[in-house]
Amino acid sequence: MTADLITLDLLAVALTAAAWLAAGATAVSRKALIAASLTGLGVLLTAIRVVLVVLLGTGGGWWFVQEKALLELPLQAVTAGAAAVVATRRLLRPALARGPLEGDTAPVAVPLFAAGIAALSGLVVTLLIGYPVTVAVALVTVALVALLAVAAWWVLDGRPRGVVLGAGGVAFVVGVAGALTTFAGTPATDAGGGPAIAYPPARGVSVATLTGPSAPAPGGTVRHYSLQARKATVTLASGRKVAAWTFDGTVPGPPITAVQGDLVEVTLHNVDISAGVSIHWHGYDVPSAEDGAVGLTQDAVTPGHSLTYRFLATQAGTYWYHTHQDSNQGVQKGLFGSLVVTPRPARSRAATGVTAAADISVPVHTFDGLTAVGDRDTLDTRQVAPGKPVLLRLINTDNVTHRFTLAGAPFTLDAVDGNAVGGPGTLRQTALSLAAGGRYDLRLTMPATSVALLVDDDRAHGLRLLPGGGRAAAAPDTASWPELDLLSYGRPAARPATDAGPFDRRFTLVLDRGLSLSGPVKGRDWTVNGHAFPDVPTLVVRKGDRVEMTVVNRSLATHPWHLHGHSVRVLSRNGDAVTGSPLTMDTFDVKPGEVWKVAFTADNPGLWMVHCHNLVHASQGMSLTLAYEGVTDPYDMAGMHGD
Ligand code: C2O
Ligand code: CU
């Protein structure tokens, strides 16, 4: 709904501008009837815009309309009003008489043009500036509209009067003042627009010292892995060759597994990835120094160098790892793998006769436009004995949402981003939409017939489970299956009182696309609160804070929102609270027009990236940091996105 209103309003403002400009042009050519009709249309469209903006504001929230309510509509209303008055006085009579416009055209056409320019400026402000619009931007906009109107007068009249020139002069001064304020630099304020928080003091503890234990928990072991980052030509199942960047020559990289309580120790060696590499443990709340965020928690590992990561396997579940240096390019090219931690089995497990499940990781990745399960870009099949429990670990390693459908057996969605769902209900003919970076654990019992797992309803690919010899039955058409809403799935449980606040910190992140002069692209970047990385103000917290984060998507693209080092509890989406099992995630899709409220406890001191997991967006500005007070960064952010 909100997304539709955003689109409709963009359409309306473009049409409004067109109507006024056309009215001006027809007035110049003295076509009184057409000019008068277009003026009427302009007034009507302006009124429609007011209605749209009111609907957008009441339905979606102030973030969606601030620049429209404070700048665009007033400017449009004033200019449209003036144009309508002038046009009525000069156009109505000749229009009714079907005659031409007599006399000077400039006094009629210029107000019409001005209304058009004002409407056009609204489009530009929404597309380039967005939320929040500042006084400086407002001054520049008003001045530019006035200057363009004066210019129009000059062109049409040839000998402008003093008053017009005076107006132009005033507009020029206002514009320069506004521009100066803009470029004098915006003070860094709290991202919530709340009380300004000072940046962490220079003294304090370096993030490099925030490591974890170096021994496993009692009963655990050390799981040592050694990964070589290197270029390799990988042959996919279809025979297609991909020039990949790999861990150990394979895509995905070697699965990393551990049992809860183990110490995971991974030595990364960069052979020949000149952009540099690192390993980020996506969704795993490791100590900050082990987080792999280049520029923030480490320097990139360059060719010929090594680095060892060490962390305790505390959370059981499905996770994944990927490079966090130039991650847009690196992950796409193959620098990722699965990270699976299983619960420590109870001692008596063997005696209880529990059959171990067929545990299958399903990392989905797109190579040059073709989506594959692991490196299987053809149909992937596995044999599973009938009656055996099956655990499918879906991992979306791509930049976009994938839709999964499972046909041939009822199943449950047992975990989301590694977090167990309480009382998961049985699902049939239901699609699951998985955010980029997110994971789902599906559980089923292998039937006597084949089971199909489809990605994006593609019946020719995906995974097939076969009960014995023979071939998979043809997969059904799943395109019409409805999508599960996670917010109402599972057994409701009393939410911890802390979910309701009070919160020590409340941050609001408004996601959009706009002009940024300092962002990575220096053009239309993906922005957070009007800024592109590295200019997005840091979120500062103190250990122990209860934090509420509101994520607003003003843009027309989906943003899988991801926070390092912490999982968040979902409070609500578009004002609707969670009605199913409490929902804990580390990557959640904020679709166009959506507003998500999530909460977390600041319990993992350090410096953390917060970003969109569409890594194209992240590399084009949609990133920021969460910093604990007093933690300092000895690394260089500049090289973070590589080149
Ligand atoms: Cu999987 Cu910073 O990301
Ligand atoms: Cu995004």
Checklist outcome for this item: Protection proxy (average C-beta count within 10 Å per residue), highest first, orders 136-148, 467-479 as 136-148, 467-479
Checklist entry - Among Lys543/Lys597; Lys388/Lys597; Lys231/Lys388; Lys333/Lys388, which pairs are too far apart, with a Cα-Cα distance over 28 Å? => result Lys388/Lys597; Lys231/Lys388; Lys333/Lys388
Item to check | Under 20 Å from the Cα of Lys31 - lysines, other chains or at least 8 residues apart | outcome: none
Checklist outcome for this item: For Lys241, the aspartates and glutamates lying under 16 Å Cα to Cα, once residues fewer than eight places off in the same chain are dropped, come out as Asp368, Asp375, Asp377
Checklist entry - What full-extension length gain, to one decimal in nm, is calculated for Ala357 and Ala474 as 0.36 nm per residue of separation minus the Cα-Cα distance? => result 39.6 nm
Checklist entry - Looking at the chain, do any whole DSSP H helices span at least 24 angstrom along their long axis by alpha carbon and average 1.0 or above on Kyte-Doolittle, and which? => result 2-28, 32-60, 106-124, 135-157, 162-183
Item to check | segment 355-484: radius of gyration and largest Cα-Cα distance (Dmax), Å | outcome: 13.5, 39
Next on the checklist: How much length would be gained if the chain were fully extended between Arg495 and Thr250, taking 0.36 nm per residue of separation minus their Cα-Cα distance, in nm to one decimal?
Outcome noted: 83.9 nm
Checklist outcome for this item: Binned at 10 Å starting from 0, the alpha-carbon pair-distance distribution of segment 77-139 in whole percents comes out as 20, 37, 24, 14, 5
Item to check | Most to least accessible of Lys31, Lys68 (protein chains only, probe 1.4 Å) | outcome: Lys31, Lys68
Checklist entry - Ignoring ligands, DNA and RNA, how do Thr58, Thr366 rank by accessible area with a 1.4 Å probe, largest first? => result Thr58, Thr366
Checklist outcome for this item: Residue-normalised 222 nm signal for the chain, counting each DSSP H run of n ≥ 4 as -39,500 (n - 2.57), nearest 500 deg cm²/dmol, is -8500 deg cm²/dmol
Checklist entry - Once both labels are modelled 7 Å past Cα along the beta-carbon direction, what's the Glu483-Ala14 spacing in nm? => result 2.4
Checklist entry - Once phi is turned into θ = phi - 60°, what whole-Hz ³J(HN,Hα) does the Karplus curve with 6.51, -1.76 and 1.60 give for every residue of segment 612-622, x standing for Gly and Pro? => result 7, 8, 7, 5, 5, 4, 4, 6, 9, x, 7
Checklist outcome for this item: In this structure, the FRET efficiency calculated for Ala77 and Thr378 from their beta-carbon separation, with R0 = 56 Å, to the nearest 0.05, is 0.40
Item to check | Compactness of the chain, expressed as Rg and Dmax over alpha-carbon positions, Å | outcome: 29.1, 102
Checklist entry - Near the amide H of Ala229, under 5 Å away, which other amide H atoms are found, from residues 5 or more places off or on another chain, if H is placed in the peptide plane? => result Asp248, His269, Asn270, Val271
Checklist entry - When the accessible area of the chain is computed with all protein chains present and a 1.4 Å probe, what percentage of it is carbon and sulfur? => result 61
Checklist entry - For segment 1-157, what is one quarter of the convex hull surface built on the Cα atoms, given in nm²? => result 8.5
Checklist entry - Cα-based Rg of segment 216-350 per 2.2 N^0.38 Å, rounded to two decimals? => result 1.08
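The values are calculated or read from the model by the stated rules, or taken from the named source; none is laboratory data. Computed from a prediction, not measured in an experiment: that's the story for all the values here. Backbone-built Cβ (ideal geometry, glycine too); neighbour counts: all protein chains shown. For accessibility, only protein heavy atoms count, side chains too; no ligands or nucleic acids. Shrake-Rupley method; radii C 1.70, N 1.55, O 1.52, S 1.80 Å.
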